[in-house]
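See below for the structure under consideration.
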Protein chains: 2
Amino acid sequence: MEMFCFGIDIGGTTVKMGLFRQCGELLRKWEIPTRTQNHGQAILTDIRDSVQAVMKEEGLAAEQVAGIGMGVPGPVTQDGTVLGCVNLGWGQFQVEQALQELTGLPVCAGNDANVAALGEQWKGAGSDYKNLVMVTLGTGVGGGIIIDGRIVAGPKGAAGEIGHMPMFTDEARACSCGNTGCLEQSASATGLVSHARRMLEQQDTPSKLRDIPQFTAKDVCDCAGQGDAVALAALDLATRTLGTAMAYIGCVLNPEAFLIGGGMSRAGELIFSRVKKVYDELVFPGCKGTPILPAKLGNDAGIYGAARMVLQRGEH
Amino acid sequence: MEMFCFGIDIGGTTVKMGLFRQCGELLRKWEIPTRTQNHGQAILTDIRDSVQAVMKEEGLAAEQVAGIGMGVPGPVTQDGTVLGCVNLGWGQFQVEQALQELTGLPVCAGNDANVAALGEQWKGAGSDYKNLVMVTLGTGVGGGIIIDGRIVAGPKGAAGEIGHMPMFTDEARACSCGNTGCLEQSASATGLVSHARRMLEQQDTPSKLRDIPQFTAKDVCDCAGQGDAVALAALDLATRTLGTAMAYIGCVLNPEAFLIGGGMSRAGELIFSRVKKVYDELVFPGCKGTPILPAKLGNDAGIYGAARMVLQRGEH
């Protein structure tokens, strides 16, 4: 009997959903809104309704569905307990069990960044590798660690929190996590903008950025691409922090590859060449030359990874 | 039929060997000298002779021996290729295959620090955990990463090289690996002594260390235990570097526990309390409070881990 599964990626605004064949073929994908009111109580029932509607439309019986994989925006322990998702209004609860009871299907949940890394490893830029580290550069810095083709979640669901590696002792502002000097304060889109802003304040160097009142990370990258000195200096600083953190990770895990995804990764070689240079300069000699590749699946990485995760559980 | 295996830990001076039951009971252990002359050509034949002699003495047939596990002092790739062991005179070769051909038994090889970590996870301080990181503080700093009860080796055998995490940009001396500013330049016994020496040169602070011409890391720890200000400052610096590196590792892997072994770990709470304080101060909040425990097996960790490794291969 041919088997299918669902891959679901719950975000703060929409829930992305996909129906997959066991081989990894994406048959259809769609989205539903994330209803976060009332502590996000409706989210799982909305997912159930949508899953059941699609099963009906596709003529799928429960025994043809291997299960539902699900990425959520917060820490998930290895036994499937969400420790809280601020963006969804969720506190701590056993999310796998909850959706399993609603649907009667096996459920497997993981942190969204970890799940995206698994998706890229399965069907994206990492499909040649079983051991990789994915870095997502957006407003924050996310990470996912894949060892032997599986997510490393950590007992408190905090593995892959590379955005919170403590890179600076001289940072005054607090990070969203409560610490100060985290990687994401320097290497995220937000970090890049704040580097550029501070440099513009502290220097008289001419810069096109001075003409853009509320410039974004994309503006900084665009200006850097055109040779703007301040934008280049800001980019050098952000990428040096990232390359250094990746060198730490290299010494610890010696991954076969690093993948970089997220909005900022679209700046391409401007970012990749700098990060590679710093990584190769600092990492243990035996780890030099690790491929550092752009992620491929974009916003679909989460649904692919979620599908893969629930299929893997069945393999045990 | 009851099964047995050999666990072997090849060092630069002696080869430690153990005969184990499959359950992990160590039946006997012994050592042979490591003959490093002629590019260490005799090492594997000496091991074969010793294994065969013990099998004969114990009346063990080949089919009762699950295999030979072996830790070697250098990088080993996941497919069992040694990339070179300076201390043994070895270059690059397929060490598993070589010993397998000599003995007719299944062989599994790994880096000695990784193998020691597996030994502690199996029968030592880490037996309650499946995911842990072991740090060995000796003249250098070694490391081993265990995920889901197995060694993470890395495609180039360089996983667990935490001693070479690039912690300082202001270090002038080169590390043995060729880089500068590595963790082991600060947190090893050698690093501790060099911190103290530099502080004694730069300051007039009275210190008992001034009366010990060639003081060792143990002297520094002993003096620190007696409240010696310079020794304490050196210890603070070494343990801050180590705690910071462990905080990086915590953010990446969120291990269930850290183990610290090696000669310097005998200084006990003097070291552990400082490392814990720095770790909890810097790590991602979700990882705070990770147990940081002294290793238990001492010099036997390697033979235990080697035995475990070859038994695990059989489980596949």
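Relative to its residue count, the range B:231-316 spans a Cα convex hull of 104 Å³ per residue. Across the range B:15-88, Cα pairs under 8 Å and at least six residues apart give a relative contact order of 19 percent. Close amide H contacts of B:PHE4 (hydrogens built in the peptide plane, cut-off under 5 Å, sequence separation of 5 or more or a different chain): B:VAL65, B:ALA66. Proximity of backbone amide H atoms, modeled 1.01 Å from N, is registered between B:CYS85 and B:TRP90, B:GLY91 at under 5 Å, excluding neighbours fewer than 5 places apart on the same chain. Looking at the protein assembly as shown, the DSSP beta bridges with both ends there are about 60 percent antiparallel.
What part of the accessible area of chain A, given as a whole %, is carbon or sulfur when the probe is 1.4 angstrom? The nonpolar share, carbon plus sulfur, comes to 49 percent. Contact order for chain B, expressed relative to its length and based on alpha carbon pairs under 8 Å spaced 6+ residues apart, stands at 21 percent.
Peptide packing for B:301-312, A:286-297 was compared via the average number of neighbouring C-beta atoms within 10 Å per residue; ordered from the highest value, the list is B:301-312, A:286-297. The amide H of A:LYS296, built 1.01 Å from its N in the peptide plane, has A:ALA125 as neighbours under 5 Å, considering only residues 5 or more places off or on other chains. Given R0 = 25 Å, the distance between the Cβ atoms of B:GLU171 and B:GLN203 translates into a calculated FRET efficiency of 0.80. Overall, the range A:134-187 carries a charge dipole of about 160 debye about its Cα centre when +1 sits on the Cβ of Lys and Arg and -1 on the Cβ of Asp and Glu, all other atoms neutral. Prolate is the label for the range B:158-230. Its Cα gyration tensor axes, ordered a ≥ b ≥ c, give a/c of at least 1.5 and a/b above b/c. One compactness figure for the range B:92-213 is 1.39, namely its Cα radius of gyration divided by 2.2 N^0.38 Å. 3J(HN,Hα) along the range B:18-32, derived from phi through the Karplus expression 6.51 cos²θ - 1.76 cosθ + 1.60 where θ = phi - 60°, amounts to x, 9, 10, 6, 4, 6, x, 6, 7, 8, 7, 9, 7, 10, 10 Hz, with x in place of Gly and Pro. For A:ALA174, the distances from its label point to the matching points in the remaining copies are 4.6 nm, ordered from shortest, with each point set 7 Å beyond Cα toward Cβ. Taking a ≥ b ≥ c as the square roots of the eigenvalues of the Cα gyration tensor, the range A:85-156 is classed as oblate, since a/c reaches at least 1.5 and a/b does not exceed b/c. So how tilted is helix A:229-253 from the main axis of chain A? Cα-based, degrees 0 to 90, rounded to 10. In chain A, helix A:229-253 runs at an angle near 50 degrees to the longest axis. The share of C-alpha pairs in chain B whose separation exceeds 33 Å stands at 28 percent. Per-residue Karplus couplings for the range B:289-298, computed as 6.51 cos²θ - 1.76 cosθ + 1.60 with θ equal to phi - 60°, are listed in order as x, 3, x, 10, 10, x, 5, 10, 8, x Hz, Gly and Pro entered as x. For the range A:236-274, a reduction of at least 20 Å² in accessible area between the chain on its own and the assembled protein chains (probe 1.4 Å) is found at A:TYR248, A:CYS251, A:VAL252, A:LEU253, A:ASN254, A:GLU256. With a cut-off of 13 Å between beta carbons, the residues surrounding A:GLY191 carry a summed charge of +1, where Lys and Arg count +1 and Asp and Glu -1. Taking all protein chains into account, the per residue accessible area for the range B:251-316 stands at 39 Å² (1.4 Å probe).
Spin-label model, B:SER127/B:GLN97: points 7 Å from Cα along the beta carbon direction are separated by 3.8 nm.
On association of chains B and A, roughly 3000 Å² of accessible area becomes buried (total for both chains; probe 1.4 Å). In the neighborhood of B:ASN179, defined by Cβ-to-Cβ distances under 14 Å, what is the net charge if each Lys or Arg adds +1 and each Asp or Glu adds -1? Its environment carries a net charge of -4.
According to the Kirkwood expression over distinct Cα-Cα pairs, how big is the hydrodynamic radius of the range A:182-266, in Å? About 13.5 Å, per the Kirkwood formula over Cα pairs.
The lysine pair count for chain B, using Cα distances under 16 Å and pairs eight or more places apart or on different chains, is 7.
The 3J(HN,Hα) values that the Karplus relation (6.51, -1.76, 1.60; θ = phi - 60°) gives for the range A:143-155 are, in residue order, x, x, 10, 10, 10, 6, x, 10, 5, 8, 9, x, x Hz. Gly and Pro appear as x. Once the dipole of chain B is set up with Lys and Arg at +1 and Asp and Glu at -1 on Cβ about the Cα centre, which of B:MET167, B:ALA229, B:GLY80 lies farthest towards its positive end? Farthest towards the positive pole: B:ALA229. Comparing Cα centroids, the range B:1-70 and the range B:194-225 end up 42 angstrom apart.
Sorted from longest to shortest, the spans of the Cα atoms of the range B:150-308 along the three principal axes equal 49, 36, 31 Å. Between the Cα long axis of helix A:189-202 and the first principal axis of chain A there is an angle of about 20°, rounded to the nearest 10. To the nearest ten degrees, helix A:301-315 and the longest principal axis of the Cα atoms of chain A are 50 degrees apart. Take the alpha-carbon centre of the range B:73-144, take the same for the range A:239-316, and report the distance between them in whole Å. Distance between centres, Cα-based: 26 Å.
Among the residues of the range A:283-300, those with an accessible-area drop of 50 Å² or more from chain alone to full protein complex, heavy atoms and 1.4 Å probe, are A:PHE284. Rg/Rh, computed from the Cα trace of the protein assembly as shown with Rh as the Kirkwood radius, has the value 1.00. Extension gain, B:GLN226 to B:GLN37, is 63.6 nm, computed as 0.36 nm per intervening residue step minus the present C-alpha separation. Report D for the range B:15-88 in µm² per second (integer): Stokes-Einstein, Kirkwood Rh on Cα pairs, 4 °C, 1.567 mPa s. Answer, rounded: 93 µm²/s. Computed over every Cα-Cα pair of the range B:1-145 and binned at 10 Å starting from 0, the pair-distance distribution P(r) comes out as 11, 42, 36, 11, 0 percent.
Sorted from shortest to longest, the distances between the A:MET1 label points of this copy and the other copies are 4.2 nm, with each point 7 Å from Cα along the line through the beta carbon. Calculated on C-alpha atoms, the gyration radius of the range A:216-280 divided by its Kirkwood radius gives an Rg/Rh of 1.00. Remark on the range A:164-185: accessible area falls by at least 30 square angstrom from chain-alone to full-complex state for A:HIS164, A:MET165, A:PRO166, A:CYS177, A:ASN179, probe 1.4 angstrom.
The values are calculated or read from the model by the stated rules, or taken from the named source; none is laboratory data. Treat the numbers as computed from the prediction; the structure is a model and nothing was measured. We place every Cβ from the backbone using ideal geometry, glycine too, and count neighbours over all the protein chains shown. These area figures cover heavy atoms from the full protein model, side chains too; ligands, DNA and RNA do not enter into them. Shrake-Rupley method; radii C 1.70, N 1.55, O 1.52, S 1.80 Å.
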